[in-house]
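The block underneath contains the structure these notes are about, expressed in structure tokens.
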Amino acid sequence: MLRLDFDNRFIDELPGDPEPRNFIRQVRGAAWSAVMPTPVCAPRVLAWSEDMARRLGFDDGDMQDPAWAGVFSGNRLVPGMQPFAVNYGGHQFGHWAGQLGDGRAISLGEAVTAGGERWELQLKGAGPTPYSRGADGRAVLRSSIREFLCSEAMHHLGVPTTRALCLMGTGEQVERDMFYDGHPQMEPGAVVCRVAPSFIRFGTFELPASRGDTGLLRKLVDFTIDRDYPHLAGLPAGEVRDAAWFGEVCERTAGLMAEWMRVGFVHGVMNTDNLSILGLTIDYGPYGWIDNYDPAWTPNTTDAQHGRYRFGQQPQVAYWNLGRLAGALAPLFADPAPLQEGLQRYVVAHTSAEREVIAGKLGLADCRDGDVDLMQDLRGLMAQAEVDMTLFFRGLMDVDSALPRLASVEEAFYDPAKREQHAPEFVAWLGRLVARWADDPLPHAERRERMRLANPRYVLRNYLAQQAIDRAHDGDLGGVHELLEVMRAPYDDQPRREAFARRRPDWARRKAGCSMLSCSS
Ligand code: AMP
Ligand code: MG
């Protein structure tokens with residue numbers, strides 16, 4: 001059996017909860033609680049990420065080894081593992097929610113690879129913890145497939161994210177009321193083994209701040225800088241370093257938002273407990289992917305009425321969340337000015353990241369002011385004419401600059417009548433684009449390559465994930481495996497996999513799982 005080396009810094013360096021028993025409670029003065037995963041009756045590996053496995057040193061044999069299946073579903077530990085759940089709070093839908101914590105995620109430890117990479121291994125759905133707040137600590141197969149696939153899809157799209165090593169079946173049933181409408185059903189249970197350099201969230205800092213526990217807050221900040229931002233560790237301790245760190249958190253978050261907007265990802269629940277301090281996409285719940293371009297869309301039915309976390313709102317929400325983080329860090333600063341400056345870094349970084357995205361998607365060497373308008377006009381048109389975001393942008397690289405017509409973006413239109421109605425505006429817009437190309441230094445081949453790498457051919461469309469889930473419920477994991485494979489090369493044209501690049505079929509328009517999701521998972 002492969003030997004993993006562990007160096008569990010989070011629990012070695014931060015104060016833990018002295019209570020060893022596993023019952024629901026408020027935990028004060030501690031960053032984590034020791035807790036054992038609850039064993040499951042029939043652990044089985046349903047899928048794994050070859051890419052992530054290799055990175056950790058596992059080969060296919062290891063991943064199929066029943067001993068590791070036991071580990072990845074919470075039935076056994078290997079030497080060096082010290083399971084714990086992290087204490088954090090958060091603002092949920094704009095309101096302070098108090099202590100939340102890892103209610104169903106249990107970290108096994110921080111593995112350090114031969115190459116010196118640090119990866120925390122965490123089981124999501126591994127049973128109750130002191131932070132379960134009356135819920136069961138488990139996860140269902142459908143939401144676990146979604147988290148597993150999307151983590152890896154995002155990684156291969158080049159979007160910062162937590163990763164997923166494997167998807168485990170538990171052989172147990174879990175009860176869920178999918179739309180909270182009084183129709184609970186038993187569903188197959190699952191565990192995802194998630195992997196990230198750090199699972200620390202904005203809410204990790206908010207909780208001690210809300211309790212006036214500046215000592216713990218101080219320790220958490222020092223720890224995070226030391227472990228997760230080591231390049232800042234050389235700065236003089238105190239406000240200078242704290243400010244540099246907060247500013248970098250702001251910049252990373254800004255970059256992440258630009259990336260979500262580039263690929264058409266809607267997180268769905270951007271509560272402050274779901275924002276990573278490393279600027280990673282974290283906690284895949286009722287997320288979704290834009291089919292027809294609609295900045296007002298959210299897949300999360302719980303948020304349908306207000307659309308707080310709708311696609312087009314995400315950069316603003318991230319800024320609001322950073323404001324909550326700044327508020328939590330305020331006790332460490334004599335004067336709020338450095339935190340204000342950090343937030344300003346968000347604005348600057350987001351503007352420049354957004355311009356970088358515009359240049360990439362439109363195939364330009366750099367983004368001029370007029371290009372921002374060009375993109376804005378396109379977005380307006382796409383929304384009006386019901387145009388598939390992914391297909392349209394991908395098609396742009398095949399637009400003939402001598403004769404700009406709709407031919408290469410034809411398949412992006414959902415509604416023939418709207419296509420007819422708006423065709424002249426699109427042709428005019430393409431005319432503006434090719435005129436701009438004529439005034440841009442990039443050679444043709446380089447332009448195409450730039451566009452190819454900014455405009456994925458494949459994204460994890462909601463209905464594709466749902467089809468894989470439906471098959472998995474019938475005992476066939478083939479759909480999960482194939483989708484995982486497709487999403488390993490989202491910028492390549494994959495022969496014989498054209499079906500995965502098509503626009504959403506009509507039947508999926510308003511189907512549960514395909515366009516409507518809830519937090520029930
Ligand atoms: P989420 O909105 O999924 O990020 O979850 C918010 C909080 O609820 C986190 O503290 C989760 O750990 C917790 N939670 C969600 N689902 C469960 C569950 N089935 N059992 C225990 N805790 C849960
Ligand atoms: Mg969460």
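Before moving on, here are some points about what is shown:
- Label separation (residue 51 vs residue 356): 1.9 nm, computed from points 7 Å beyond Cα along the C-beta direction.
- The C-alpha atoms of the chain define a longest principal axis, and helix 141-157 lies at about 60 degrees to it.
- Segment 100-166 and segment 329-359: distance between their alpha carbon centers, rounded to Å: 29
- With a Förster radius of 45 Å applied to the beta-carbon distance between residue 406 and residue 118, the computed FRET efficiency rounds to 0.35.
- One Cα centroid belongs to segment 255-284, the other to segment 415-459; the line between them spans 27 Å.
- Cut-off 14 Å between beta-carbons: net charge of the residues surrounding residue 374, Lys and Arg +1, Asp and Glu -1: -3
- Length-normalised contact order of segment 9-100 in % [C-alpha pairs under 8 Å, at least 6 apart]: 29
- Of the trypsin sites (Lys or Arg not before Pro) in segment 1-104, the ones in a loop by DSSP (not H, G, I, E or B) with at most 12 other beta carbons within 10 Å are 3, 21.
- For segment 325-404, size of Cβ-based charge dipole, Lys and Arg +1, Asp and Glu -1, in debye: 200
- Compared with the dominant Cα axis of the chain, that is its longest principal axis, helix 314-329 is turned about 30°.
- The slack in the chain from residue 186 to residue 44, taken as 0.36 nm per residue of separation less the alpha-carbon distance, amounts to 49.2 nm.
- Annotation for segment 14-57 versus segment 294-323: alpha-carbon center distance of 30 Å.
- Taken one residue at a time, the phi angles of segment 68-75 give Karplus couplings (6.51, -1.76, 1.60, θ = phi - 60°) of 6, 4, x, 5, 6, 10, x, 8 Hz. Gly and Pro are set to x.
- Between the listed residues 325, 352, 365, the Cα displaced farthest toward the positive end of the dipole of segment 306-401, a dipole computed from Cβ unit charges relative to the Cα centre, is found at 325.
- Fully extended contour minus Cα-Cα distance, from residue 417 to residue 3, at 0.36 nm per residue: 142.9 nm
- For the chain, the longest principal axis of the C-alpha atoms and the axis of helix 337-362 are separated by about 40°.
- FRET efficiency for residue 340 and residue 210, using Cβ-Cβ distance with R0 set to 22 Å, rounded to 0.05: 0.60
Any read-out appearing in this document is the output of simple, stated calculations on the displayed coordinates, not a laboratory observation. The model shown is predicted, which means the values in this text are computed figures rather than measured ones. As a convention, Cβ positions derive from the backbone with ideal geometry for all residues, glycine included, and neighbour counts pool all protein chains shown.
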